[in-house]
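The values are calculated or read from the model by the stated rules, or taken from the named source; none is laboratory data. Every value quoted in this text rests on a predicted model; they were computed, and no experiment measured them. Neighbour counts run over all protein chains shown; Cβ positions are idealised from the backbone, glycine included. Accessible surface areas use protein heavy atoms only, side chains included; no ligands, DNA or RNA. Shrake-Rupley method; radii C 1.70, N 1.55, O 1.52, S 1.80 Å.
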Amino acid sequence: MTFQNSSDALARLAAVMESRKRCNGGDPATSYVARLLAKGPDAFLKKIGEEATEVVMAAKDTDHGGDKAKLVGEVADLWFHCMVALAHYELSPADVLAELERREGTSGIEEKAMRKVLSREGEKK
């Protein structure tokens, strides 16, 4: 799968999530996304934490000969729940991709240091 196809898949999933946000678009009784959104941020943020832990555990298992497909599945679950959060906060995968593109070519160490500087400047205001 190419990057373009991947971003298309994310955009399609985001569109489905957006439709589940609308009053009539998603029934919490039949839509998992609608149910999470109806319960509010605590529900989907808790799921993000749980899924992140499951990613860590699957990665550790992979280090010891575990099935890599399990890790892929857990990362997919994490991404899915992060996309629910993005939808709730009126954001999309395109926003995340734009941020990653903005960071492209910048050392991770430099980027992290810049965030600390900006954070300190914000605290002074």
Q) Among the residues of the stretch 97-125, how many are over 22 Å from the mean Cα position of the chain (by Cα), open to solvent by 100 Å² or more (accessible area, probe 1.4 Å) and of a type in the set (D, E, K, R)? A) 6
Q: Determine, yes or no, whether Glu51 is surrounded by 15 or more Cβ atoms within 10 Å (Cβ to Cβ), free of Cβ contacts under 8 Å to residues at least 24 places away in the same chain, among the charged types (D, E, K, R) and part of a helix (DSSP H, G or I).
A: no
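Applying the selection to the stretch 81-125, what residues are in a helix (DSSP H, G or I), free of Cβ contacts under 8 Å to residues at least 24 places away in the same chain and among the hydrophobic types (A, V, I, L, M, F, W, C)? Even if it seems obvious, please write down each step before you answer.
At the first step, the residues of the stretch 81-125 found to be in a helix (DSSP H, G or I) are 81-88, 93-103, 108-124.
Restricting the remaining residues to those that are free of Cβ contacts under 8 Å to residues at least 24 places away in the same chain gives 95-96, 98-103, 108-124.
If the condition is that a residue be in a helix (DSSP H, G or I), free of Cβ contacts under 8 Å to residues at least 24 places away in the same chain and among the hydrophobic types (A, V, I, L, M, F, W, C), then Val96, Ala98, Leu100, Ile109, Ala113, Met114, Val117, Leu118 are the ones that fit.
What tally of residues in the stretch 56-96 results from selecting those that are of a type in the set (A, V, I, L, M), open to solvent by less than 50 Å² (accessible area, probe 1.4 Å) and within 11 Å of the chain's Cα centre (by Cα)?
Let us first name the residues in the stretch 56-96 that are of a type in the set (A, V, I, L, M), namely 56-59, 69, 71-72, 75-76, 78, 83-87, 91, 94, 96.
Adding the requirement that they be open to solvent by less than 50 Å² (accessible area, probe 1.4 Å) leaves 58-59, 71, 75, 78, 83-87.
After this cut, where a residue has to be within 11 Å of the chain's Cα centre (by Cα) as well, the list is 75, 78, 83-87.
Total satisfying the criteria: 7.
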Q: Filter the stretch 35-48 down to residues that are without any contact (Cβ under 8 Å) to a residue 12 or more places away in the chain and of a type in the set (Lys, Arg) and give me whichever is least open to solvent (accessible area, probe 1.4 Å).
A: Arg35
